[in-house]
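Just below is one structure, and these are the notes that go with it.
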Amino acid sequence: MISLSGLNDKQREAAETIEGPVLILAGAGSGKTRTITYRIAHMVDNLGIKGDSILGVSFTNKAAKEMRERVHTLLGSRKSKGVSLLTFHSLGVRILKKEITKLGYQENFSIYDQSDQIGIVRDAMRHYSAEKKFDQKDILSKISFLKNAGIHEDDFANSPHFDPEDAYSHAAEYAYRYYQEKLKFFNAIDFDDILFLTLKLFRAFPEVAKAYSERFKFIMVDEYQDTNTLQFELIMHLTSTHKNLCVVGDDDQSIYAFRGADVTNILEFEKVFHNAKIVKLEENYRSVTSILDLANNVIKVNKKRRDKTLWSQKKSDHIPFLWAMGDTDHEAEVIVEEIVRHQGNGGHLADIAILYRSNTQAPPIEDQLRLSQVPYQIIGGQKFYDKKEVKDLMSYLFVILNPSDQMALRRILNIPNRGIGNATLEKYLKKSEEDKLPLFHVLEKYPNIDPQRAQGIITFVELINKYKKKFQTGTLAENISVLIEDIDYLNFIDKQYDNAKQVERRRKDVMYFIESANRFTNYYKENATLKIFCERLLLQDSQDKDKLEDEEGDSDVRKNEVTLMTLHSSKGLEFQKVFLVGIEEETLPHKRTISQGEDISEERRLFYVGITRAQEMLIMTYAKQRKLFGKDMPRTKSRFINDLVGSNLFIEQDRTTFGHLTVEEADTYKKSFFSNLLDTLEEK
């Protein structure tokens, strides 16, 4: 028998409620996975329910794997074997493998990846006669959106998403029809088709849906607040013969509307599933009380939400901080100084996370971490110095400093395009091997090995030699800027990508790299030479490679490094100490949400998610001015903070006034300040 005595009262109530519709409102850190896995174990071991009649669906492979492992630990391999704990898409693939022939496909279908998908869209656009060119990825993204909204290619033109006056809509409609026709001809589906075609199957063949509903008599859905229209309808089909549906979620953590998630699915659960039982898990096992008090007061401003209040038995003297920073660079400096102190006092870097609304906020922090030699990882994004355009520019600097750096030289020899392809390069590499000379010296000494490419080689060699001298004077940022102009690199980016958003993003990366060189100069002053700059870059590159080898050797080793990520990526994670960066108007809430007049409820939920990642200490920051696209722009505190003014839920500090104090020093300062103030008042 499985004992439920280890669950709290509300968790136990949720685990013991088996029949009928159940909504488990699981607040952040309230032990939802523990609750639902004990619920499954209770059903199988205590109530004798057959495992193969139980279906649990989640959104990620990680979540599904964790549930499987916990259930296996509780029940053992024999009893847990029949229980299906899958992602939505894994379930869809299982169903399609058995039933897809009913839709006119063959059993051995392929699942196309993005490159295959883009190839079909490209062909569609070639056949589509229009004066204007349309970006292939944008078209594919539109098709993906329509599938996740459950809209068939034949229904798109009559849907609210089609604009008859818009050329893009007409192009997308043509491409969608062409795309689906070709996929079927190739006996292939894409990732979005997995659920889209499963729903199509259930609609067209209700007896199939009924059979699966009769097979899975008890269904559980994790992260229910993240379900979209299509997933909701699939759930309705799977519960058509019974109402034994248990959903677990938190409307306050619904942050994926951009992926089609519909928060009304959880807000209106009992309107769809009548007589539903609602169990609230409000005891939080993650955070101290002061952090939860802040979180509760932030989120309660949202009007459309289910009433719940997180509480904890974990007390602490620490109150969340709000630090006012001078500017972007000052913000990064103070945060990293605090991290270095934490490490110096014996703290682990793995206990720290830096969270931000947008990836564009990361580069200044990355720079400061690198300058201070603090190891870090980025989750759900790419390290700034790993980006293609940044790697290109770094390679130019490495070759200017050391022309014998063959790997860097080979990377940039034909960037931007000089007509020097692999065939030409092989000729020079052969000569390099024969004469035992570095490749650059061969290019310099024998440019005519390939007469047709000689001028391109000569121009390149002259450029490198010119900048070897140039970097001996002037600042790093100035020389890098001139180099970028000299090789016409921004124009090269424009030609490389046909997606305007992608071009803009990559151009910004180039600007950030120049700003990075400027920060390096400000940090190292007169020692800010090209040599030291490159050494720092190479050192970090080497550390990253060592770290990668360590990870490949032992995946269980806990990486002792600071974690950087967006608020969206942070959901489900927890850290002892969290820095919430850029709590400003037009950052959080995001400028796009404000300018388009959209509901900012989800932006507030993002803030709430960020706050509830912190276990013991939370430090929020905002800058009085922030560098945006190369310009210093004045910034103001987020309205989410202004809503809390006078609440005593956090301590606000102007770090530009206090200087670089530690949290402990600032806390002492505050106590001393108020103590002195009281003494003065008593004297008066």
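The values are calculated or read from the model by the stated rules, or taken from the named source; none is laboratory data. Since this is a predicted model, take the numbers as computed values, not measurements. Every residue, glycine among them, receives a Cβ derived from its backbone with ideal geometry; neighbour counts consider all protein chains shown. The protein model used for the area step is the full one, side chains on, heavy atoms only, and it has no ligands, DNA or RNA in it. Shrake-Rupley method; radii C 1.70, N 1.55, O 1.52, S 1.80 Å.
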For the chain, which whole-number percentage of the solvent-accessible area (1.4 Å probe, protein heavy atoms only) is attributable to carbon and sulfur atoms? 48 percent
Segments 208-216, 251-259, 105-113 sorted - mean Cβ within 10 Å per residue, highest first: 251-259, 208-216, 105-113
Hey, can you grab everything whose amide H is under 5 Å from the amide H of Met620? Only 5+ residues off in sequence or another chain; H modelled, so Pro and N-termini drop out. Phe321, Leu322, Trp323, Leu580
Subtracting the Cα-Cα distance of Tyr497 and Lys430 from 0.36 nm times their residue separation yields 20.8 nm
Highest mean packing first, using Cβ neighbours within 10 angstrom, the peptides 382-390, 292-300, 526-534 sort as 292-300, 382-390, 526-534
J(HN,Hα) series, region 32-47, from Karplus relation 6.51 cos²θ - 1.76 cosθ + 1.60, nearest Hz, glycine and proline x: 5, 5, 4, 5, 6, 6, 5, 4, 5, 4, 4, 4, 6, 7, 8, 9
Is the shape of region 388-532 rounded, prolate or oblate, going by the alpha carbon gyration tensor and its root eigenvalues a ≥ b ≥ c, with a/c under 1.5 for rounded and a/b larger than b/c for prolate? oblate
Between Asn448 and Ser404, what's the calculated FRET efficiency when r is the beta-carbon distance and R0 is 30 Å? Round to 0.05. 0.90
On average, how much accessible surface per residue is there in region 598-650, in Å², for a 1.4 Å probe, leaving out ligands, DNA and RNA? 42 Å²
Decide, for region 19-91, between rounded, prolate and oblate: order the square roots of the alpha carbon gyration tensor eigenvalues as a ≥ b ≥ c, take rounded if a/c falls under 1.5, and otherwise choose prolate if a/b is larger than b/c, else oblate. rounded
Please say if the chain is rounded, prolate or oblate, where rounded means a/c under 1.5 for a ≥ b ≥ c the square roots of the C-alpha gyration tensor eigenvalues, and otherwise the choice is prolate for a/b larger than b/c and oblate otherwise? oblate
Quick one: if you stick a label point 7 Å off each Cα along the C-beta vector at Asn187 and Asp632, how many nm between them? 6.6 nm
Given 396-407, 77-88, the highest-first ranking by average Cβ count within 10 Å works out to 396-407, 77-88
Using the charge dipole of the chain (Lys, Arg: +1 at Cβ; Asp, Glu: -1 at Cβ; taken about the Cα centre), state which of Ala454, Ile299, Phe607 has its Cα farthest towards the positive end. Ala454
